[in-house]
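Presented below is the structure to which this report refers.
The numbers here are math on the coordinates, done by the rules we state, and not lab data. Small disclaimer: the values here were computed from a predicted structure and weren't measured. Positions of Cβ are backbone-derived with ideal geometry, glycine not excepted, and every protein chain shown enters the neighbour counts.
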Amino acid sequence: MTDHADASVHASAVKVGDRAVLIRGPSGAGKSRLAFELILCGRAGQLPPAVLVGDDRVHLATVAGQLIVRPAPILAGLIEIRGLGIRRCDHLEQAIVGLVVDLAATDAARLPAQDALKTSISGVILPRLPIAANFSPLPIVIAALTTTQSSPSVNLSANCVKGISNHISPTIATE
């Protein structure tokens with residue numbers, strides 16, 4: 001998937017650890033909610049410290065081959081909390097994007113194709129999580145931030161009843 005960076009995009013961003021999660025999606029898809037949930041997970045120790053970069057509208061720029069996200073100046077330090085309205089929140093002036101989450105993605109799948117798991121924004125290739133509408137994104141984002149892909153040495157079951165060979169054989173040793 002390829003996208004183009006604009007001076008301003010409809011998205012939210014939260015820096016988790018040393019990289020930002022850029023959250024995109026249509027209005028009402030849950031961008032602000034996911035941003036706040038990531039902040040809460042950082043405060044609870046479920047994730048590295050997480051700090052808001054921007055909510056609702058952010059600016060993207062490519063600097064030295066990295067995608068930088070900044071809050072829209074008029075919205076800096078503000079986040080929408082459904083049921084409470086617009087609230088003040090600690091925020092950062094910029095962060096390097098390390099993951100793109102697309103909410104209400106039409107190409108979301110249980111076992112997504114490899115090309116769906118990457119996006120290019122202004123020539124910067126980034127990991128991407130396409131999340132289906134009405135599906136809770138938080139567990140998937142936490143998994144993406146805290147786990148690694150299985151190694152190619154994993155013994156996949158050749159006799160999978162579903163015919164997709166994605167089940168791990170019960171006889172393999174853990175690494």
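Can you sort Cys89, Cys41 so the residue with the fewest Cβ neighbours within 10 Å comes first?
By the 10 Å Cβ count, ascending: Cys89, Cys41.
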How much length is gained on full extension from Asn134 to Ser120, taking 0.36 nm per residue of separation minus their Cα-Cα distance?
-> 2.5 nm
So between Arg110 and Thr147, what do we pick up on full extension, going 0.36 nm a residue minus the alpha carbon distance?
-> 11.6 nm
